[in-house]
1. Out of 74, 122, which single residue is under 20 Å from the mean Cα position of the chain (by Cα) and charged (D, E, K, R)?
2. Does at least one position in the range 7-24 carry a residue that is under 18 Å from the mean Cα position of the chain (by Cα) and either within 29 Å of residue 115 (Cβ to Cβ) or in contact (Cβ under 8 Å) with a residue 60 or more places away in the chain (or both)?
3. I'd like the full set of residues that are of a type in the set (S, T, N, Q) and either assigned to a loop (DSSP other than H, G, I, E, B) or within 23 Å of the chain's Cα centre (by Cα) (or both), limited to the range 317-357.
4. Open to solvent by 40 Å² or more (accessible area, probe 1.4 Å) and closer than 30 Å to residue 215 by Cβ: is that true of residue 25 in this structure?
5. Report, by residue number, each residue of the range 340-395 that is of a type in the set (Asp, Glu) and either over 30 Å from residue 285 (Cα atoms) or open to solvent by less than 100 Å² (accessible area, probe 1.4 Å) (or both).
6. Quick check on residue 282: is it closer than 22 Å to residue 203 by Cα, in contact (Cβ under 8 Å) with a residue 60 or more places away in the chain and of a type in the set (Asp, Glu)?
7. Do you know which of the residues in the range 133-154 that are over 25 Å from residue 88 (Cβ atoms) and modelled with pLDDT of 80 or more is surrounded by the most Cβ atoms within 10 Å (Cβ to Cβ)?
8. Would you check which residues across the range 362-395 are aliphatic (A, V, I, L, M), under 37 Å from the mean Cα position of the chain (by Cα), within 26 Å of residue 74 (Cβ to Cβ) and in a helix (DSSP H, G or I) and list them?
Amino acid sequence: MKAKLGSLKKIEALKYDGIKSPLKKSIVATLNNPKTNGMTSFVLLSGNVLKWQCGTAAEKSLLFLDDSTQSLIKDIKASKDIDLKQYAYGQCKVTRVGNDVVVYLCPEKGKLTQAALLKPIKKAFKTFKPKIFMEVVADFTTIEETGGTGEGINTEEGGEQPAADPKPIGEGLIKYHKHAQKLKKQLKGMDKNDPARQTLLIDQTKTRKHLKRLTNSWTTDVLPALAGSSASPTSATTSATTPEIDKNWQKVYDHWFTFFEKRKAAKTGDTSDADARLAEEERIYAKTLQDVERFMDNIEKGYSIDPQMIENDIEDLKNHLQKWTTFANSKSAKADELKAMEELLADINKKWAAEKPVLQQYYDTAQAFEQAVEANKPVEEVEKLFKQLEKLAGA
């Protein structure tokens, strides 16, 4: 992507559709490179600050994936028009689930990966072919290895994406359905105060997220092909143009399509079904658990992380708690968990107010030290900054 989109100047020479081919090529190269295990660097830029030939708009955001991001980051830092809320950069891991791509972002700088700011950008990239999903993580140790490659992704400029292959979608539905059923059984027999329960709830949320994506892919990519044929969607077909469908794929799809429709109705207040409301509340609860988990992981990084990344985690937790409180509306099925999370946030805010100034001063000094070394500043200046770092580290 560097050749076409590696600087703000290059971006100005392109129409927005011009990002699709280099982005897909970068995704395929990353997925197919056994040495990197799906890892690369990323820059995320809000469309509000990008001057494409076709104009500036929020939905015209840039996801830049490349081993070399320095030139674009340099432009961002030099720009007076781009603030922290309009960009993020760091490392990422690219994976494949069914026919879709999931990019796990581990940010190092910027606020754009905050849940509220990232939501409209995620929505826009779900319209790409293949669909691109983004998730924010503190590290990559808990990301599942899906084993998907870049096979079947058309990287040609303006080229149409080939018809979706139902097999990886169907096999994915079976795989995650089995895991979801196993988790459901484990959670049912577990005491709600068991610490391991929170880990399983996070796992359940991740699994259901995969299932939702696969279910949506089946709806948008497989069903239209079936509707255009005379074949039954639950049986194999002899037509050369109609995909072969396993009946179990369709059954699992029907199960989860119904589940997600009911959960959506609970979210929008269109049903009072207890199971649907519980599923939605568990989803929000798990999101707060993930916020806390990410916060803890980032705190452990100590002086090596930009304090803004920790602020992002706290802001996400605050927003998800607000959504939880609004949804529950004094009728929470998890009142104890909600109260405990509210108390935890209050404690985090109190402790962070004391810790942030120290971490911020160290981080700012470390940045100044690195810049002084890179710019070959006088030895006296470099040594002075180094001594300040030693003093702050021992504080």
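The values are calculated or read from the model by the stated rules, or taken from the named source; none is laboratory data. Predicted, not measured: the structure shown is a model, and the values here were computed from it. Virtual Cβ from ideal backbone geometry, glycine too; neighbours counted across all protein chains shown. Surface areas here come from the heavy atoms of the whole protein model, side chains and all, with no ligands, DNA or RNA. Shrake-Rupley method; radii C 1.70, N 1.55, O 1.52, S 1.80 Å.
1. On the way: 74 fails: under 20 Å from the mean Cα position of the chain (by Cα).
Result of the check over 74, 122: 122.
2. Narrowing the range 7-24 to residues under 18 Å from the mean Cα position of the chain (by Cα): 23-24.
Still in the list and also either within 29 Å of residue 115 (Cβ to Cβ) or in contact (Cβ under 8 Å) with a residue 60 or more places away in the chain (or both): 23-24.
The answer is yes, given that some residue of the range 7-24 is under 18 Å from the mean Cα position of the chain (by Cα) and either within 29 Å of residue 115 (Cβ to Cβ) or in contact (Cβ under 8 Å) with a residue 60 or more places away in the chain (or both).
3. At the first step, the residues of the range 317-357 found to be of a type in the set (S, T, N, Q) are 319, 322, 325-326, 329-330, 332, 349.
319, 322, 329, 330, 332 - these are the residues of the range 317-357 that are of a type in the set (S, T, N, Q) and either assigned to a loop (DSSP other than H, G, I, E, B) or within 23 Å of the chain's Cα centre (by Cα) (or both).
4. Working: open to solvent by 40 Å² or more (accessible area, probe 1.4 Å): yes; closer than 30 Å to residue 215 by Cβ: yes.
Yes: the conditions hold for residue 25.
5. Answer for the range 340-395, where residues must be of a type in the set (Asp, Glu) and either over 30 Å from residue 285 (Cα atoms) or open to solvent by less than 100 Å² (accessible area, probe 1.4 Å) (or both): 342, 347, 355, 364, 370, 374, 380, 381, 383, 390.
6. Values: closer than 22 Å to residue 203 by Cα: yes; in contact (Cβ under 8 Å) with a residue 60 or more places away in the chain: yes; of a type in the set (Asp, Glu): yes.
In short, yes.
7. If we filter the range 133-154 for residues that are over 25 Å from residue 88 (Cβ atoms), which is where we start, we get 147, 149, 151-152, 154.
Among the residues that remain, those that are also modelled with pLDDT of 80 or more are: 149, 151-152, 154.
Numbers: 149: 12, 151: 11, 152: 16, 154: 14.
Filtering the range 133-154 for residues that are over 25 Å from residue 88 (Cβ atoms) and modelled with pLDDT of 80 or more, the one surrounded by the most Cβ atoms within 10 Å (Cβ to Cβ) comes out as 152.
8. If we filter the range 362-395 for residues that are aliphatic (A, V, I, L, M), which is where we start, we get 366, 368, 372-373, 375, 379, 382, 385, 389, 392-393, 395.
Now narrow it down to the ones that are under 37 Å from the mean Cα position of the chain (by Cα): 366, 368, 372-373, 375, 385, 389, 392-393, 395.
Okay, now just the ones that are also within 26 Å of residue 74 (Cβ to Cβ), so 366, 368, 372-373, 375, 385, 389.
Answer for the range 362-395, where residues must be aliphatic (A, V, I, L, M), under 37 Å from the mean Cα position of the chain (by Cα), within 26 Å of residue 74 (Cβ to Cβ) and in a helix (DSSP H, G or I): 366, 368, 372, 373, 385, 389.
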